[in-house]
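Step one of this worksheet: look at the structure below.
The values are calculated or read from the model by the stated rules, or taken from the named source; none is laboratory data. Model, not experiment: these values are computed from the prediction. Positions of Cβ are generated from backbone atoms using ideal geometry, with glycine treated the same way; all protein chains shown enter the neighbour counts. Accessible surface areas use protein heavy atoms only, side chains included; no ligands, DNA or RNA. Shrake-Rupley method; radii C 1.70, N 1.55, O 1.52, S 1.80 Å.
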There are 2 protein chains.
Amino acid sequence: MKAIGVEPGGSGPRVLDVPRPEPSAGEALVRTLRVGVDGTDHEVIGGGHGGPPPGEELLVLGHEAVGVVEEAPDTGFEPGDLVAPTVRRPPPAGQNEYFRRGEPEMAPPEATVERGIDGAHGFMSEYFTSPAASLVAVPDGLARWGFLVEPVSVAEKALELARASRSSFDWQPETALVLGNGSLGLLAVAMLAGEFDVSCLDRKDRPHPAIDIVERLGGAYLDARETPVAAVPDHHEPADLVFEATGHAKHAFESIEALAPNGVAALLGVPGPWRFEVDGGRLHQRLVLSNRALVGSVNSGPRHFRRAVDRIESFPDWFLESYVSRVVDVDSFPAAFETNDQMIKTAVEFDTP
Amino acid sequence: MKAIGVEPGGSGPRVLDVPRPEPSAGEALVRTLRVGVDGTDHEVIGGGHGGPPPGEELLVLGHEAVGVVEEAPDTGFEPGDLVAPTVRRPPPAGQNEYFRRGEPEMAPPEATVERGIDGAHGFMSEYFTSPAASLVAVPDGLARWGFLVEPVSVAEKALELARASRSSFDWQPETALVLGNGSLGLLAVAMLAGEFDVSCLDRKDRPHPAIDIVERLGGAYLDARETPVAAVPDHHEPADLVFEATGHAKHAFESIEALAPNGVAALLGVPGPWRFEVDGGRLHQRLVLSNRALVGSVNSGPRHFRRAVDRIESFPDWFLESYVSRVVDVDSFPAAFETNDQMIKTAVEFDTP
């Protein structure tokens with residue numbers, strides 16, 4: 001069968017011919033429909049993050065998938081069921097407490113592998129197998145958009161952690177600031193727009209489809225070149241919730257200044273090392289005197305996938321249609337990996353949804 | 001009656017002769033027994049934090065008090081009841097949402113005054129008045145130690161926020177690192193020692209009573225000159241919970257390195273501005289990839305006072321006896337404000353408990 005693999009840091013993704021996998025007991029064989037591409041894929045391709053399974057040179061890409069169960073005996077799934085797979089699996093050393101608790105998303109990096117990212121092959125192939133416990137049911141109506149369940153679930157988990165951090169008092173948030181209107185930031189805007197007065201900060205020039213989407217969702221677009229993160233409270237309004245989706249490390253610190261009293265910033269980006277100066281005394285003081293918090297979040301688990309399914313069902317059709325810039329079939333796969341400032345979200349289609 | 005007041009930044013505390021206050025409806029008149037002194041008092045005395053009520057030059061000090069109700073008609077309190085007062089009161093502008101919700105501890109700085117600290121007279125006087133709703137009952141057995149209810153309550157609130165931030169998953173913390181074994185740090189060690197494998201970092205030389213207390217509580221003392229905060233995981237063990245009680249701004253950032261995966265650092269210190277360089281990329285990445293959190297916390301409310309009463313009742317007698325270094329009567333009050341490296345906690349006694 002066809003798969004899209006990469007030698008990290010090498011010459012880019014290519015189509016491989018690999019054997020169709022055989023499901024073990026408790027596993028399902030899934031026929032792949034669509035697999036999304038995101039920033040993590042680009043980091044893996046560039047060699048900056050993750051890598052192939054131990055002893056292998058190539059990694060099959062893809063961690064945002066939707067597919068149809070082909071066979072799944074004794075698993076609770078039936079052939080024809082639409083499913084999205086979670087990403088984390090136990091590491092070569094075997095099960096550990098995080099997987100036993102059903103919370104692989106809380107495993108530290110060394111206690112997990114991530115399919116399509118780090119240490120395990122992904123879902124960019126005509127078929128994949130997965131333990132049934134790592135598959136989440138997707139309604140038939142979401143066949144085209146089910147590859148968005150994974151990225152939305154990542155945002156759901158970050159929101160869950162942020163809310164939990166404010167759960168010991170009567171938090172009444174009204175305003176949210178999303179840093180970045182890339183593919184993850186826009187999902188966060190769509191997710192938060194129903195409940196928050198939401199704004200989204202980036203440094204894109206108009207006209208841009210991502211700015212149009214923010215505004216059509218009812219959000220305010222803030223240009224970081226005119227309104228730096230720390231100036232958002234003065235230029236616009238303080239944020240009860242900041243949702244960082246840029247990986248720009250200064251944002252993690254500047255978000256403390258953007259917060260309203262008792263606010264929380266959820267951090268999702270993954271920057272590399274970068275030394276810079278901060279007014280650490282002022283930031284520390286502001287965290288304390290106004291009960292502010294910073295919460296890091298990575299990955300997501302089955303309950304976040306289920307919540308993401310509900311969330312996507314609540315998104316308007318126009319949003320999904322505008323958000324997904326390009327879906328290409330396997331033979332045209334390079335177009336899904338092109339980086340182009342006007343592109344928001346791309347996917348590779350293995351079979352017609 | 002006698003009161004201990006100060007002109008912030010002036011020549012230090014002195015005894016004033018002020019009128020005995022008259023309780024309004026809903027208020028209690030309280031005869032003061034003991035009032036503790038902490039780092040905040042020293043900041044107020046030095047002029048670095050807080051100040052007198054609007055239009056006044058002197059501030060009556062004291063925010064850690066225990067006393068006996070003298071009169072409190074129609075309040076639920078009876079003459080003879082032992083009480084500890086909370087610190088925050090509505091600002092001159094009047095009630096606001098935080099006070100209406102019963103969560104003054106979540107008010108931002110501009111939405112509250114703090115008795116004995118900022119904008120309202122404190123409890124260092126022979127009598128004080130307080131709305132009954134801002135008094136918490138203290139059992140008779142705690143007459144000598146009731147002035148510790150306020151500082152313990154501040155630690156309880158920080159612990160509550162820290163736990164809440166980890167409440168969306170199955171957090172199973174085992175290790176705690178307290179930064180600073182000053183008066184607040186030692187209370188945190190005593191509070192955490194029953195549940196956590198606790199260590200406490202400072203830069204004091206042995207022999208020192210604070211180090212002795214840490215070790216007698218079963219904690220490990222770490223010398224910051226040998227084990228910097230960021231090296232604690234390598235030299236000792238990673239901390240599921242960091243409790244920062246130093247106000248040293250670099251600790252807020254270094255604590256991210258000291259944390260175990262899924263750990264949280266509660267920040268309580270209040271530093272002034274201080275610019276320094278951090279590896280912000282690395283810190284941001286570590287927050288995200290291991291689901292770490294930083295939670296600032298200030299002040300405390302009635303429920304934290306009630307929890308603090310229970311907590312102090314659980315402390316061994318030897319701890320309370322060793323922790324309180326010196327209690328002096330009003331006429332010897334300067335001895336309670338002496339700063340001396342061997343001193344842990346001091347209080348002024350207005351009447352015999």
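Give me the accessible area of B:E57, 1.4 Å probe, in Å² rounded to the nearest 10.
140 Å²
What is the mean number of Cβ atoms from other protein chains located within 10 Å of the Cβ atom of each residue in peptide A:102-109, rounded to a whole number?
Partner Cβ neighbours, averaged per residue: 4.
Check chain B and count each lysine pair with an alpha-carbon distance under 23 angstrom, considering only pairs eight or more places apart or from different chains.
Taking the Cα cut-off of 23 Å, the pair count is 5.
How large is ³J(HN,Hα), in whole Hz, for each residue of the stretch B:58-64 in order, when computed from phi with the Karplus curve 6.51 cos²θ - 1.76 cosθ + 1.60 and θ = phi - 60°, using x for Gly and Pro?
With the stated coefficients, the stretch B:58-64 comes to 10, 10, 6, 6, x, 10, 10 Hz.
Using a 1.4 angstrom probe with every protein chain in place, what is the largest-first accessible-area order of A:R89, A:R20, B:R282?
My answer, sorted largest first, is A:R20, B:R282, A:R89.
Do you know the relative contact order of the stretch A:164-315, to the nearest whole percent, from alpha carbon pairs under 8 angstrom that are 6+ apart?
21 percent.
Highest first, please rank the peptides B:325-334, B:172-181, A:213-222 by the mean number of other Cβ atoms sitting within 10 Å of their residues.
B:172-181, A:213-222, B:325-334
Compute and list, largest first, the equivalent-ellipsoid semi-axes of chain A from the alpha carbon gyration tensor, each √(5λ) rounded to a whole angstrom.
Whole-Å semi-axes of the equivalent ellipsoid: 34, 21, 20.
With unit charges on the beta carbons (Lys and Arg positive, Asp and Glu negative) and the dipole taken about the Cα centre of the stretch B:235-353, which residue among B:N262, B:P353, B:G272 sits farthest to the positive side?
Highest projection toward the positive end goes to B:N262.
Express in % the proportion of alpha carbon pairs of the protein assembly as shown at distances exceeding 40 Å. Please list the in-between numbers first.
Working: 95177 of 248865 pairs.
Pairs farther apart than 40 Å: 38 percent.
From the phi angles alone, apply the Karplus equation (6.51, -1.76, 1.60; θ = phi - 60°) to the stretch A:309-318 and give each ³J(HN,Hα) in whole Hz, x where the residue is Gly or Pro.
Karplus-based 3J(HN,Hα) across the stretch A:309-318 equals 4, 4, 4, 5, 4, 8, 6, x, 4, 4 Hz.
For A:V113, list long-range residues whose amide hydrogen, built 1.01 Å from N in the peptide plane, is under 5 Å from its own amide hydrogen.
A:R89
Could you tell me how far the Cα centroid of the stretch A:36-65 sits from the Cα centroid of the stretch B:321-353, in Å?
One Cα centre to the other: 63 Å.
Sort largest first and round to whole Å: the equivalent ellipsoid semi-axes of the stretch B:280-353, each the square root of five times a Cα gyration tensor eigenvalue.
Taking √(5λ) for each eigenvalue gives 37, 19, 13 Å, largest first.
Give the long-range amide H neighbours of A:S199: residues separated by 5 or more places, or on another chain, with amide H under 5 Å away, using H modelled in the peptide plane at 1.01 Å from N.
A:A176, A:L177, A:V178, A:A220
Could you sort the peptides A:200-211, B:284-295 by per-residue average Cβ neighbour count (10 Å cutoff), highest mean leading?
Order by mean packing, descending: B:284-295, A:200-211.
Over the stretch A:197-353, what lengths in whole Å, largest first, do the semi-axes of the equivalent ellipsoid take, defined as the square roots of 5 times the eigenvalues of the alpha-carbon gyration tensor?
Working: eigenvalues 205, 65, 59 Å².
Working through the eigenvalues yields semi-axes of 32, 18, 17 Å.
Mind jotting down a quarter of the surface of the convex hull over the alpha carbons of the stretch B:114-187, in square nanometres, one decimal?
7.9 nm²
Taking the inverse of the average 1/r across all pairs of different Cα atoms in the stretch A:106-260, what Kirkwood radius in Å do you get?
17.4 Å
From the label point of A:P92, set 7 Å from Cα along Cα→Cβ, how far away are the matching label points in the other copies, in nm, ordered shortest to longest?
So the distances to the same position in the other copies read 7.0 nm.
Taking only DSSP H segments of four or more residues, each worth -39500 (n - 2.57), what value at 222 nm results for chain B once the sum is divided by all its residues, to the nearest 500 deg cm²/dmol? Can you show the working numbers first?
Values: 11 runs with 95 residues, N = 353.
Calculated at 222 nm, the ellipticity per residue is -7500 deg cm²/dmol.
What fraction of the DSSP beta bridges in the protein assembly as shown is antiparallel, stated in percent and rounded to the nearest 5?
Counting only bridges with both partners in the protein assembly as shown, antiparallel ones make up about 55 percent.
Run the numbers on chain A and let me know its relative contact order in percent, using alpha-carbon pairs under 8 Å that are six or more apart.
19 percent
On a C-alpha basis, how far is the centre of the stretch A:191-221 from the centre of the stretch A:83-133 in Å? Whole number, if you could?
33 Å
Nm distances between the label at A:E277 and the same-position labels in the remaining copies, 7 Å along Cα→Cβ, shortest first?
Going from nearest to farthest copy, the values are 1.0 nm.
Give me the Kirkwood hydrodynamic radius of the stretch B:256-306 in Å, from all C-alpha pairs, to one decimal place? Intermediate values should be presented prior to the final figure.
Values: mean 1/r = 0.0765 Å⁻¹.
Kirkwood radius, the stretch B:256-306: 13.1 Å.
Using a probe radius of 1.4 Å on protein heavy atoms only, what is the accessible area buried between chains B and A, both sides summed, to the nearest 100 Å²?
When B and A are taken together, about 4700 Å² of accessible area is lost.
Over all directions, how big on average is the projection of the convex hull of the alpha-carbon atoms in the stretch B:61-176, in square nanometres?
Averaging across all directions leaves 9.5 nm² for the Cα convex hull.
If you put a point 7 Å past Cα along the Cβ direction, how far is that point for A:Q342 from the same point in each other copy, in nm, smallest first?
7.9
What residues in the stretch A:284-325 lose 40 Å² or more of accessible surface when the other protein chains are added to their chain alone (1.4 Å probe)?
Buried on complex formation: A:H284, A:Q285, A:L287, A:V288, A:L289, A:N291, A:L294, A:G296, A:V298.
Suppose every Lys and Arg Cβ carries +1 and every Asp and Glu Cβ carries -1, with no other charges. What dipole size does the stretch A:1-67 come out with about its Cα centre, to the nearest 20 debye?
300 debye
So if I take the alpha carbon set of the stretch B:311-353, get Rg, then get Rh from the Kirkwood formula, what is the Rg over Rh ratio?
Working: Rg = 11.6 Å, Rh = 11.4 Å.
Radius of gyration over Kirkwood radius for the stretch B:311-353 works out to 1.02.
Compare B:R88, B:R144 by solvent-accessible area with a 1.4 Å probe and give them largest first, with all protein chains kept in place.
Working: B:R88 10, B:R144 100 Å².
So, going from the largest accessible area down, we get B:R144, B:R88.
With the alpha-carbon atoms as the only input, what is the per residue convex hull volume for the stretch A:1-110 in Å³?
Dividing the Cα hull volume of the stretch A:1-110 by its residues yields 129 Å³.
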